[in-house]
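The values are calculated or read from the model by the stated rules, or taken from the named source; none is laboratory data. Quick caveat: nothing in here was measured; it's all calculated off a predicted structure. Backbone-built Cβ (ideal geometry, glycine too); neighbour counts: all protein chains shown. Side chains are part of the model used for accessible areas, which takes the heavy atoms of the whole protein and leaves out ligands, DNA and RNA. Shrake-Rupley method; radii C 1.70, N 1.55, O 1.52, S 1.80 Å.
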Amino acid sequence: MTSRVIPVSPFVLVVFGATGDLSQRKLLPALYHRDQAGQLPDEARIVGTSRRSLSEDAFRALAKKAIEEHVAARDIEPVALERFLARLSYVAADAGGKEGWDALARAAEAEEHFVRVFYLATSPDLFGPICERIGAHGLVDGRSRVVVEKPLGKDLASAQRLNEAIGRVFPEESIYRIDHYLGKETVQNLMALRFANALFEPLWNAAHIDHVQITVAESLGVEGRAGYYDTAGAMRDMVQNHILQLLCLVAMETPTSIAADPVRDEKLKVLKALVPIGPHNAGQLTVRGQYRAGASAGGAVPGYLEELGAHVSNTETFVALKAEIANWRWAGVPFYLRTGKRLATRVSEIVVTFRAIPHSVFDAGAGPITPNRLVIRLQPDEGVKLWLMIKDPGPGGMRLQHLPLDMSFAEAFGVRNPDAYERLILDVVRGNQTLFMRRDEVEAAWTWIDPIIETWQETRDAPKSYTAGTWGPSASIALIERDGRTWYEDGAL
């Protein structure tokens, strides 16, 4: 089976921070893949900019090196690579000052039928100044769009200031707040599973679902991000954006269509229906952890404080939460959320556990009957498993086994699974905001998160330690097991 390639309109894409890590690891490789697939029109141009003084040839050499490092060798075709590199140009400009902006404005000029995209792969404190200068140089019109990355603030107040700074220049319909998790194939398949199949939606409620787990586990530590991470922590870095967005897609009501605003309207309702967590219940519903030295990938690894180069830090590298949604569909159904660094394995998945059957017609010799589970894996090895009870083959009576119907996307479709940025960048060009966060979504998420962080800060309890290479502090196990449930870990259940 081959993937379907849909061309997009001619565009000029200006990447701020083009010599930085995000551009080199994700953006340029993603754009190369789309060009290789024949999806970029001949007229499409990519303009890199940063404060670094580079010639265009030097920037193209930098881009070529990035593609060779971050694209599989089998996917690098010399002709396609040269075509892509020919699209690139470079202008040095000071994002926070005036130097270079006249030249950058000239490079961003395009014909009337072109879409103009400004991708801000920079620190959030530059979002406002960059947008202000884009506006001052007359580059904002009905065909202009701006893309911003997280973190979108560190609390509600800072998120509102950031939104206001961007919104003074760009209208909301031209602002694309990117969350790469929403571009993953499996995340979009969650909507297909729910809304394109008669099988699941009638069962997608408290009458039939026992609980939901969302896990985003990383085996790596903070690596080179220790400075940033110590000011953010797992709650701000992962829960406020990625995990809450996944929760919204699982829990939202059926939208009137999959257009941007109907989907985002339903996601917003979920965020507003989350039961508040604060001083009265944070101790029972939340767990914070911080990894100490241990073993990972077959070798010894340092603890968080060693990576940070500090003797003490109250920053959490692990969070587990029990969330509830106060509406008719989900009343009484717990959503267990967890994320962490230096955990046992790298995995991101959503596990929907259905209620047990009300009565078994089988005798004890058939074995225990385990509730059905739908496991949606985002990474690695994207795919979907539906765990069912089936008969063990052969004579000798009825023996039941809990086995999965397993669909691996790589095996089912036989094509390379595109990176999330490939889809999201071209969605910006198309003007499709369905997979991007609206301002009120971002602010509603912070409204729920802020009281939890404030409670942690007021109690001043240190994060519970856990050994690197494990599944986090024992308190996270207690969080779910006191409800008579257990964490689903790597297909073990």
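Scanning region 403-417 for residues that are at pLDDT 70 or above and either β-branched (V, I, T) or touching a Gly at 6+ places or on another chain (Cβ under 9 Å) (or both) gives P404, D406, M407. If I filter region 313-324 for residues that are open to solvent by 20 Å² or more (accessible area, probe 1.4 Å), in contact with a Ser or Thr (Cβ under 9 Å, 6 or more places away or on another chain) and at pLDDT 90 or above, do I get at least one hit? Taking every residue of region 313-324 in turn, at least one turns out to be open to solvent by 20 Å² or more (accessible area, probe 1.4 Å), in contact with a Ser or Thr (Cβ under 9 Å, 6 or more places away or on another chain) and at pLDDT 90 or above. What's the total number of residues in region 225-269 that are over 30 Å from N314 (Cβ atoms) and either in a helix (DSSP H, G or I) or of a type in the set (D, E, K, R) (or both)? Result for region 225-269: 14.
Just one of the listed residues (L156, L203, L220, L199) is modelled with pLDDT of 95 or more and open to solvent by 40 Å² or more (accessible area, probe 1.4 Å), and it is L156.
Scan region 274-293 for residues that are open to solvent by 20 Å² or more (accessible area, probe 1.4 Å) and not in a loop (DSSP other than H, G, I, E, B) and the total you get is 6.
Kindly provide the set of residues from region 463-493 that are among the hydrophobic types (A, V, I, L, M, F, W, C) and farther than 19 Å from V239 by Cβ, ordered by number. Spell out the reasoning first.
So in region 463-493, the residues among the hydrophobic types (A, V, I, L, M, F, W, C) come out as 468, 471, 475, 477-480, 487, 492-493.
Passing the criteria: A468, A478, A492, L493.
For region 66-146, the helices (runs of 4 or more DSSP H) that sit wholly inside it and include 1 or more residues that are closer than 19 Å to I425 by Cβ and not hydrophobic (A, V, I, L, M, F, W, C) are 78-86.
Quick check, is G38 of a type outside the set (D, E, K, R) and farther than 16 Å from R87 by Cβ? When the stated conditions are applied, G38 does not pass them. Within region 223-235, the set of residues being aliphatic (A, V, I, L, M) and either surrounded by fewer than 12 Cβ atoms within 10 Å (Cβ to Cβ) or over 17 Å from W487 (Cβ atoms) (or both) comprises A226, A232, M235.
If you scan region 1-15, which residues turn out to be open to solvent by 10 Å² or more (accessible area, probe 1.4 Å) and either in a helix (DSSP H, G or I) or not small (G, A, S) (or both)?
The initial filter retains those residues of region 1-15 that are open to solvent by 10 Å² or more (accessible area, probe 1.4 Å), namely 1-10.
Answer for region 1-15, where residues must be open to solvent by 10 Å² or more (accessible area, probe 1.4 Å) and either in a helix (DSSP H, G or I) or not small (G, A, S) (or both): M1, T2, R4, V5, I6, P7, V8, P10.
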